[in-house]
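Worksheet: one structure, shown below.
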């Protein structure tokens, strides 16, 4: 078996328009396709992340809350690679997004930090 990479990450949001604005307008991910599935009363928004990865943003009526953040069993967080972490942090803060202090990865010596999406999903930026 050979895995070639990550195709997509699926995220379920509680307020579709708010999350769509965050991921498209604030984080700048281009829309590939937006689909409304009437039988589920649900949107599926496909977003381009880099060259080969996508985020699938789903809306469902009344999704359950995440058990805790970020130490619940399951997906811990989603990390995005950036070229300049200080510039990215400044941009996020100008958008009114609270960002943790920049830290250094003790294994790689790379800079990283965390912020949250509109549903408190922990997101990381990691300097390449």
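The values are calculated or read from the model by the stated rules, or taken from the named source; none is laboratory data. Computed from a predicted model, the values in this text were never measured in an experiment. Using ideal geometry, Cβ is built from the backbone for each residue, glycine included, and neighbour counts are taken over all protein chains shown.
The figures follow:
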read-out	value
Of all residues making up segment 91-101, the number that are in a loop (DSSP other than H, G, I, E, B) and out of contact with any helix residue (DSSP H, G or I) (no Cβ under 6 Å at 6 or more places or on another chain)	5
Members of segment 29-49 that are assigned to a strand (DSSP E or B) and either within 14 Å of residue 19 (Cβ to Cβ) or not assigned by TED's automatic domain parsing to the domain that holds residue 6 (or both)	31, 34, 42, 43, 44, 45, 46, 47
Meets criteria (more than 16 Å from the chain's Cα centre (by Cα) and either at pLDDT below 95 or not assigned by TED's automatic domain parsing to the domain that holds residue 34 (or both)) for residue 121	no
Residue within segment 53-61 that is more than 12 Å from the chain's Cα centre (by Cα), modelled with pLDDT of 90 or more and more than 30 Å from residue 110 (Cα to Cα) present	yes
Residue that is nearest to the chain's Cα centre (by Cα), among those in segment 12-28 that are outside any helix (DSSP H, G or I) and at pLDDT 95 or above	27
Set 69, 113, 88: member being part of a strand (DSSP E or B), outside the structural domain of residue 5 (by TED's automatic domain parsing) and either modelled with pLDDT of 95 or more or surrounded by fewer than 16 Cβ atoms within 10 Å (Cβ to Cβ) (or both)	113
Single residue of segment 1-19 satisfying the filter (out of contact with any helix residue (DSSP H, G or I) (no Cβ under 9 Å at 6 or more places or on another chain) and closer than 16 Å to residue 41 by Cα) that is surrounded by the fewest Cβ atoms within 10 Å (Cβ to Cβ)	17
